[in-house]
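K.L.:
Would you mind keeping the following structure in view while I ask a few things?
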Amino acid sequence: QVQLVESGGGLVQAEESLRLSCAASGSILSINTMGWYRQAPGKQRELVATIKSGGGTNYADSVKGRFTISRDNAKNTVYLQMNSLKPEDTAVYYCNAGVIPTSQYRYLEIWGQGTLVTVSS
């Protein structure tokens, strides 16, 4: 079964940096767009950044200029480099990907279980 596993979350102070990773595992034919979403306490899940298979990116206005999304297609992994972190970045960060499993020949939208990022002031 195809799944996504996030890592790299933790507790940091404002203005510090953190790098999140998300690796897709299982028998995968292809992966299209990959992305990061986050859910802060008391708020709905929101888009942080996405990256197409060819490298095109999209960022939420709140993180543009501070966060960078990238991917390693050979490793089926997406990264989120977070610089100049602010307390308002505190949230559970979720990885997302559109995949076609080798065994299904059908497009699936899958999610990781999340990794917590806490930024103290």
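The values are calculated or read from the model by the stated rules, or taken from the named source; none is laboratory data. Every value quoted in this text rests on a predicted model; they were computed, and no experiment measured them. Here Cβ is always computed from backbone atoms with ideal geometry, including for glycine, and neighbour counts include all displayed protein chains. Remember, those area values only see protein heavy atoms, side chains included, never the ligands or the DNA or RNA. Shrake-Rupley method; radii C 1.70, N 1.55, O 1.52, S 1.80 Å.
K.L.:
Out of curiosity, is Y59 of a type in the set (S, T, Y) and modelled with pLDDT of 95 or more?
P.N.:
So Y59 passes the test.
K.L.:
A further question on this structure: Kindly indicate which of S17, S7, S62 is of a type in the set (S, T, N, Q) and within 13 Å of G114 (Cα to Cα).
P.N.:
On inspection, the qualifying residue turns out to be S7.
K.L.:
Give me the strands (runs of 3 or more DSSP E) completely within segment 20-121, filtered to those with at least 1 residues that are open to solvent by 40 Å² or more (accessible area, probe 1.4 Å) and without any contact (Cβ under 8 Å) to a residue 40 or more places away in the chain, ordered by residue number.
P.N.:
The qualifying strands (runs of 3 or more DSSP E) are 46-51, 57-59, 67-72, 108-111.
K.L.:
Any residue at all in segment 14-24 that's at pLDDT below 95 and of a type outside the set (S, T, N, Q)?
P.N.:
Within segment 14-24, none of the residues are at pLDDT below 95 and of a type outside the set (S, T, N, Q).
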